[in-house]
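For reference, the structure is listed below as structure tokens.
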Amino acid sequence: MSVDEAAASGASPKRSESELRVAIVGATGAVGEVLIEVLRERRFPATEILPLASGRSAGRMISIGGREVEVLEAKPEAFEGIDIVFFAATGSLSKTLAPEAVKRGAVVIDKSSTWRMHEDVPLVVPEINPEAIDLHRGIIACPNCTSIGVTMALAPVHGAATLKRVVVTTLQAASGAGRAGVEELDAQRSAAPGQAPEPRVFDAPLHDNVVPLCDALQPDGFTGEEHKLMQETRKILGEPELPVSVTCVRVPVAVGHSASLLVETERPITPEEAREALRVFPGVEVVDDRERASFPTPLDAAGGDAVLVGRVRRDLGSDGLWLWQVGDNLRKGAATNAVQIAETLLARGQLSAREGADGAEVVAHTR
Ligand SMILES: NC(=O)c1ccc[n+]([C@@H]2O[C@H](COP(=O)([O-])OP(=O)(O)OC[C@H]3O[C@@H](n4cnc5c(N)ncnc54)[C@H](OP(=O)(O)O)[C@@H]3O)[C@@H](O)[C@H]2O)c1
């Protein structure tokens, strides 16, 4: 349905596509900064991009499309007249402010984990489940940066042979923890021997090290990040019972999350078949040249939008298949996926929330 058809059917977006006003909450952060770039790169049809952040950054000037624009404090009144609000700040801010934006008629695309598993909130990777957008009630969630890359590698295999079980180990970059994560790694790298500052963002020094803990441990021995990846993978693939087991590891890389995956399928699938299914899937690039030892690395993925997959091989002890996947956590893992959601909203004529939906209603459901 086009925007015009939506208007005729009563779903009535407030503005035409050529008059869209967009706000970014967290515009000064690692994801927010890339979001601004990606909106410009993809020529998203916004007449205005309003940068919002905390009181700490209010008044700062940032460059958007060659213009200096003042950062405002993210408050409910800032959403008046805004059509789409990207939230790339904190989970607690999304919880309180996203409903305020929806009440004022905006559609929210949220990068935090706050709304992802809410039953009335679609969790969307546009190449995999674009139709989920049609069910939105004002808020659409963008998955965790690891969930996006991992599900982009899993979806083609699932389509070809139906997943039965997945075991994942991630190797996650410092920027996955935002600006503070990158700054901590940089400070440790540049410190004189024995002078490195104590880790505050990560649970152990990250420079020259590998930290097998992303996020807080839960009573079951898995971390919050691991639970997110397990739950989100099931929701995005529409397979609520799929056994998914995860270990998340932080590595001293600036940008680019990697994952090693063992997948078992209902129908055994050959590496050649899997490579072909991956090759034709939009947004995935197969980099798997054994002769030249050419496989995806975070340096290859950083700065691009493709999810790179390689090392496709049969498991030696089962019918399973091993895959290696890498993606830029700030782009496809965050900003690009969020902008693609906005583009899909426009393409499907779903810019306005469904009738009867408002933020208060969504919040009430979470309690
Ligand atoms: N980094 C990733 O790879 C990644 C990937 C996927 C999803 N995410 C999610 O995206 C969100 C942003 O992550 P990030 O990595 O960009 O973090 P970040 O670099 O720490 O940036 C956080 C942003 O939020 C703003 N903010 C913090 N507290 C605020 C408040 N009380 N009111 C208004 N703005 C506030 C900050 O503004 P100030 O400048 O004023 O402090 C800053 O712009 C998080 O929910 C994160 O989980 C991150």
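The values are calculated or read from the model by the stated rules, or taken from the named source; none is laboratory data. Predicted model, so just to flag it, every value in this text is computed and none were measured. Reconstructed Cβ throughout: ideal geometry from the backbone, glycine too, with neighbour counts over all protein chains shown. Ligands, DNA and RNA are excluded from the accessible area calculation, which covers all protein heavy atoms including side chains. Shrake-Rupley method; radii C 1.70, N 1.55, O 1.52, S 1.80 Å.
General remarks:
- FRET efficiency estimate (nearest 0.05) - Cβ-Cβ, T169 to K103, R0 41 angstrom: 0.45
- Contour excess over end-to-end distance, with Cα ends at R311 and T96 and 0.36 nm allotted per residue: 73.1 nm
- Using just its DSSP H runs of length 4 or more, each adding -39500 (n - 2.57), the chain gives a mean residue ellipticity at 222 nm of -9000 deg cm²/dmol after division by all residues.
- Pair-distance distribution of the chain: all C-alpha pairs, bin width 10 Å, starting at 0; shares per bin in whole percent are 5, 24, 32, 25, 11, 2, 0.
- Remark on V107: its backbone amide H falls under 5 Å from those of I84, V85, a criterion applied only to residues 5 or more positions apart or on other chains, H modelled at 1.01 Å from N.
- The modelled label-to-label distance for the pair R42/D208, using points 7 Å beyond Cα in the direction of Cβ, is 4.1 nm.
- Potential lengthening between A216 and E272 on full extension [0.36 nm per residue; Cα-Cα distance subtracted]: 16.3 nm
- FRET efficiency, S260 to S54 (Cβ-Cβ, R0 35 Å, nearest 0.05): 0.40
- Per residue solvent-accessible surface (Å²) - the chain, probe of 1.4 Å: 44
- Ordering M61, P122, S94 by the projection of their Cα atoms onto the charge dipole of the chain, which places +1 on the Cβ of Lys and Arg and -1 on the Cβ of Asp and Glu, puts M61 at the extreme positive end.
- Qualifying trypsin sites (Lys or Arg not before Pro) in segment 26-122, DSSP loop, other Cβ atoms within 10 Å at most 16: R42, R43, R56, R60
- Each of D319 and S190 was given a label point 7 Å from its Cα along the Cα-to-Cβ line. The distance between the two points is 5.5 nm.
- Accessible surface ranking that places the most exposed of E131, E239 first, with a 1.4 angstrom probe: E131, E239
- Taking only Cα atoms of segment 93-170, radius of gyration then Dmax in Å: 14.3, 44
- In this structure, the residue pairs whose Cα-Cα separation is over 21 Å, taken from K111/K164; K75/K95; K235/K332; K164/K235; K75/K111; K103/K235, are K111/K164; K103/K235.
- Segment 97-253 shape via C-alpha gyration tensor axes, a/c threshold 1.5: oblate
- Relative contact order computed over the chain (Cα-Cα under 8 Å; 6+ residues apart), in percent: 21
- Viscosity 0.692 mPa s, 37 °C: Kirkwood-radius Stokes-Einstein D of segment 205-251 over Cα pairs, µm²/s: 282
- Amide H to amide H, with H built 1.01 Å from N, V246 comes under 5 Å of V168, counting only residues 5 or more places away or on other chains.
- Computed Rg/Rh of segment 11-147, alpha carbon atoms with Kirkwood Rh: 0.94
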